Amino acid sequence: MVDNTPPSGQGAQLIEVRTAAVPHVVPTLRTIVADIAMRQDFDLDAVEDLRMAVDEACSMLLPSAADGHLTCVFSWKDGRIEVTVSVLSDSPEPDDETGLSWQLLTALATSARRSVTPADGGYLSRVELIRESEAARP
C-alpha cells in the first residue's frame, strides 16, 4: 500500500476517498471539496475554483489509472485546503506544464505540483493542490 497522505500540519482534518477511476465519480469528489471549503468559510469564487481544480486533477490522472483505482485525500486546517489525487500507472508520465489543463489547474489553486514516483511495480502519479482562503492570508 502506498501512502497518499498529504503533508498536512498537526491537527488537520482529513478525508480519504478510494474509488474506481471512472469519470462519473468526479462530481462526488467535487462536492466533497466544495463542502469542506464552505465549512472553512471560503468565498463562493474560491469554492468554485476548488471544484474545478479537483475536476482538472482527476481528468489529468484518470486515463493513466492502470489498476482502475483513484485515491483522493482532502486535508484542511485554518483556511488552508490540501487535495492530493493519485493513481497507480504503468509508466511514468512526463510533467506537461505547458498544457491547458495544467495552466488552468495552477490558476485555480494557490499552488499545484505534479509528481511521478516508482511504487508497487508501477508508478504513483500524483497531483497535489493547495488553496488558501483570502481571509486566512496575513
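Computed from the coordinates by the stated procedures, all read-outs in this text should not be read as laboratory data. This structure is a prediction, so every number in the text was calculated from the model and none was measured. Here the Cβ is made from the backbone with ideal geometry for all residues, glycine too, and neighbour counts use every protein chain on show.
General observations
- Net lengthening on full extension, residue 43/residue 19 (0.36 nm per residue, minus Cα-Cα): 5.8 nm
- Dimensionless Rg over Rh [the chain; C-alpha; Kirkwood]: 0.95
- Distances between placed amide hydrogens fall under 5 Å for residue 119 paired with 124, all partners being 5 or more residues away or on another chain.
- Under a 5 Å amide H cut-off, with hydrogens placed 1.01 Å from N, residue 79 pairs with nothing among residues at least 5 apart or on other chains.
- The ellipsoid that matches the Cα gyration tensor of segment 68-120 has semi-axes, each √(5λ) in whole angstrom, of 21, 17, 9, with the longest given first.
- Calculated FRET value between residue 28 and residue 66, using beta carbons and R₀ = 22 Å, to 0.05: 0.50
- Karplus-derived HN-Hα couplings along segment 119-124 (A = 6.51, B = -1.76, C = 1.60, θ = phi - 60°), whole Hz, x at Gly and Pro: 6, 6, x, x, 9, 8
- CD proxy at 222 nm, helix term only [per DSSP H run n ≥ 4: -39500 (n - 2.57); per residue of the chain; nearest 500]: -9500 deg cm²/dmol
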